[in-house]
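Trainee: My structure is below; once you've seen it, I'll send some questions.
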Amino acid sequence: MNSAYATDGQYIHPSILNADFMRIGEELDRISSADSVHVDVMDNHFVPNLTFGAAMVEQIVERSPIPVDAHLMIEDADRQAPVFAEAGASSVTFHLEAAAAPIRLARELRRKNTAVGVALRPATPVEPLLDVIGEFDMLLVMTVEPGFGGQSFLETMLPKIRRARAAISESNLQVSIQVDGGVSRETIERCAEAGANVFVAGSAIYRAHDAAAEISALRDLAAAHGAHHNGH
Ligand code: DX5
Ligand code: ZN
């Protein structure tokens, strides 16, 4: 079930964490030229911040002109993640650190016709996942500690992206690599070069005067620096 990610492409996913929630409909329209909208779900336990629940995600799905990419920063992913697939998210990403049985959960989510992502906090190594990476459509390498927008990009995550991309290519798998946190015009090229092909950007896009221009600038920079990983 790779519908949300054709892995020969590159995708820009604006995060609405930095949007104006009083005007959420217009804020969704502002980014309609992007590939998906990234929705950060936080439960105040897995991360020290609280955002949307499944009912709000369902309303965002109904209102959004583009698909919804749900990033769950919540505990008890095994029980909670399927609810977000049922809410209509096109892809559901849970944290490896919050799942007791990640493979069973990935299979359950795929049965609900959603693409499945697995996310790693910066200090979580990717190696234990590599043998089972084909169970997922997408690997999210966090490039900040999850919880807040507007933090600085962690350069030290680039080797992790490189190792994951090498392992995925070696196994001839179709798995996207998403980066999230501090992605901007200054950092996106290095992410693309390392092998990422899905780029989340919150403050870079929502703080821009012209969000559509920012989306296309990011897309051009990613395409210029990452094509060799994804071209077939
Ligand atoms: C952080 C969230 C991110 C956040 C990114 O925990 O997962 O999606 O919105 O924001 P920026 O792009 O501002 O770092
Ligand atoms: Zn996120």
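Trainee: Find how much the distance from residue 224 to residue 24 grows on full extension, using 0.36 nm per residue of separation minus their present alpha carbon separation; answer in nm with one decimal.
Mentor: This chain segment gains 68.8 nm when fully extended.
Trainee: From a point 7 Å beyond the Cα of residue 166 in the direction of its Cβ, which residues of region 116-137 have a backbone N at a distance under 18 Å?
Mentor: 125-133
Trainee: Next question. If you take the charge dipole of the chain about its Cα centre, with +1 on Lys and Arg Cβ and -1 on Asp and Glu Cβ, which of 187, 136, 15 is farthest toward its positive end?
Mentor: Positive-end residue among those listed: 136.
Trainee: Of all alpha-carbon pairs in region 76-125, indicate the percentage at a distance above 16 angstrom.
Mentor: 30
Trainee: Have a look at region 32-90 and give its Rg and Dmax from the Cα atoms, expressed in angstrom.
Mentor: Computed over the Cα atoms of region 32-90, radius of gyration and Dmax are 11.2, 34 Å.
Trainee: Follow-up question, since we're still on this one. Take region 159-232, compute every pairwise Cα distance, and split them into 5 Å bins from 0; I just need the percent in each bin.
Mentor: All Cα pairs considered, the percentages come to 3, 18, 28, 23, 14, 9, 4, 1, 0.
Trainee: Grab the beta carbon distance between residue 63 and residue 210, set R0 = 22 Å, and tell me the FRET efficiency rounded to 0.05.
Mentor: Computed FRET efficiency for residue 63 and residue 210: 0.50.
Trainee: What value, in deg cm²/dmol to 500, does the helix sum -39500 (n - 2.57) over DSSP H runs of n ≥ 4 give at 222 nm once divided by the residues of the chain? Write down the numbers at each step before the final one.
Mentor: Details: 9 runs with 84 residues, N = 232.
The per-residue figure over the chain is -10500 deg cm²/dmol.
Trainee: If you average the alpha carbon positions of region 173-208 and of region 90-127, how far apart do those two centres end up, in angstrom?
Mentor: Comparing the Cα centres of region 173-208 and region 90-127, I get a distance of 19 Å.
Trainee: May I pose another question? Counting alpha carbon pairs within less than 8 Å and at least 6 residues apart, what relative contact order, in whole percent, applies to region 67-180?
Mentor: Values: 192 pairs, mean separation 24.4, N = 114.
So the answer I get is 21 percent.
Trainee: Right, here's the next one. For the peptides 54-66, 142-154, 88-100, 26-38, what is the packing order when you average, over each peptide's residues, the other Cβ atoms within 10 Å and list the highest mean first?
Mentor: Highest to lowest by the protection proxy: 88-100, 26-38, 142-154, 54-66.
Trainee: Take the alpha carbon gyration tensor of the chain, find the square roots of its eigenvalues, order them as a ≥ b ≥ c, and report rounded if a/c is under 1.5; if not, report prolate when a/b exceeds b/c, else oblate. Write out the running numbers ahead of the final one.
Mentor: Numbers: a/c = 1.40, a/b = 1.04, b/c = 1.34.
Rounded shape, in that the Cα axes give a/c under 1.5.
Trainee: Here's another thing I want to ask about it. Beta carbons within 10 angstrom, averaged per residue: use that to sort the peptides 71-82, 205-216, highest first.
Mentor: On the way: 71-82: 21.2, 205-216: 17.2.
Going by the mean number of other Cβ atoms within 10 Å, highest first, we get 71-82, 205-216.
Trainee: A follow-up question, please. Within region 55-77, find all residues whose amide N lies under 20 Å from a label point positioned 7 Å from the Cα of residue 151 along Cα-to-beta-carbon.
Mentor: Within reach of a label on residue 151: 70-77.
Trainee: Let me check against my output: what whole-number percent is the relative contact order of the chain, with C-alpha pairs under 8 Å and at least 6 apart?
Mentor: Across the chain, relative contact order equals 21 percent.
Values quoted throughout were computed directly from the atomic coordinates according to the rules given, and no laboratory measurement underlies them. A quick note: this is a predicted structure, and the numbers were derived from the prediction, not measured. A quick note on method: Cβ atoms are made from the backbone with ideal geometry, for glycine too, and the neighbour counts reach across all protein chains shown.
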